[in-house]
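Colleague: Provided herewith is a single structure, encoded as structure tokens, for subsequent inquiry.
The values are calculated or read from the model by the stated rules, or taken from the named source; none is laboratory data. Worth saying up front: this structure is predicted, and the values here are computed from it rather than measured. Virtual Cβ from ideal backbone geometry, glycine too; neighbours counted across all protein chains shown. Keep in mind that these areas ignore ligands, DNA and RNA; they rest on the heavy atoms of the full protein, side chains included. Shrake-Rupley method; radii C 1.70, N 1.55, O 1.52, S 1.80 Å.
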Amino acid sequence: MTKAPRPLREPTYFVLASLLDGPLHGYGVIKRAAELSDGRVRIRAGTLYGALDRLIAEGLVAFNGEEVVDGRLRRYYRLTSAGEAALLAEADRLRQAADIVETRGPGRLKERPA
């Protein structure tokens, strides 16, 4: 019996999702995660680099090179195939969880007083 993957925290989900379209440098990941989450997920640089180190150690993200831009070093990161699989599994888990609520009767949640 295979073990179900553990759920991803929302910031991790959006860090991985930000890399779906290709490699990004750290600040690019921060901006893209905020865009994809409609501003809900705001990742600070210190938090991001700790998360990226963890995701690299887990094999979900890989280092993809670096360059100097305006005298500053930019490190780029990419999603691995394991990272893509984890992201797709989490999207499926979230979809199934939403289906449980949405299929329990159209409009039932709307009829309840706030």
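Colleague: Checking Arg40 against (1) open to solvent by less than 40 Å² (accessible area, probe 1.4 Å); (2) in contact (Cβ under 8 Å) with a residue 24 or more places away in the chain; (3) under 24 Å from Leu94 (Cβ atoms), which test does it fail?
Modeller: Failing condition for Arg40: (1).
Colleague: For residues in region 68-80 being assigned to a strand (DSSP E or B) and of a type in the set (D, E, K, R), which is most open to solvent (accessible area, probe 1.4 Å)?
Modeller: That would be Arg72.
Colleague: Still on this model: Determine which member of the set Gly46, Gly65 is open to solvent by less than 70 Å² (accessible area, probe 1.4 Å), over 16 Å from Ala17 (Cα atoms) and not in a strand (DSSP E or B).
Modeller: The unique qualifying residue is Gly46.
Colleague: Sticking with this structure for a sec: Any idea which of Val41, Val29 is in a loop (DSSP other than H, G, I, E, B), within 20 Å of Arg9 (Cβ to Cβ) and of a type in the set (Val, Ile, Thr)?
Modeller: Of the residues listed, the single one that is in a loop (DSSP other than H, G, I, E, B), within 20 Å of Arg9 (Cβ to Cβ) and of a type in the set (Val, Ile, Thr) is Val41.
Colleague: Also: Do the conditions hold for Ala98, that is, is it loosely packed, with under 14 Cβ neighbours inside 10 Å and not acidic (Asp, Glu)?
Modeller: Here the answer is yes, as Ala98 does meet what is asked.
Colleague: Condition (residue is touching a Lys or Arg at 6+ places or on another chain (Cβ under 7 Å), among the charged types (D, E, K, R) and without any contact (Cβ under 8 Å) to a residue 24 or more places away in the chain) applied to region 83-94: is it met by at least one residue?
Modeller: No - not one qualifying residue is present in region 83-94.
Colleague: Turning to a different aspect of this structure: Filter region 101-114 down to the residues that are among the aliphatic types (A, V, I, L, M) and either touching a Cys at 6+ places or on another chain (Cβ under 9 Å) or open to solvent by 100 Å² or more (accessible area, probe 1.4 Å) (or both), then identify the one that is modelled with the highest pLDDT.
Modeller: The residue in question is Leu109.
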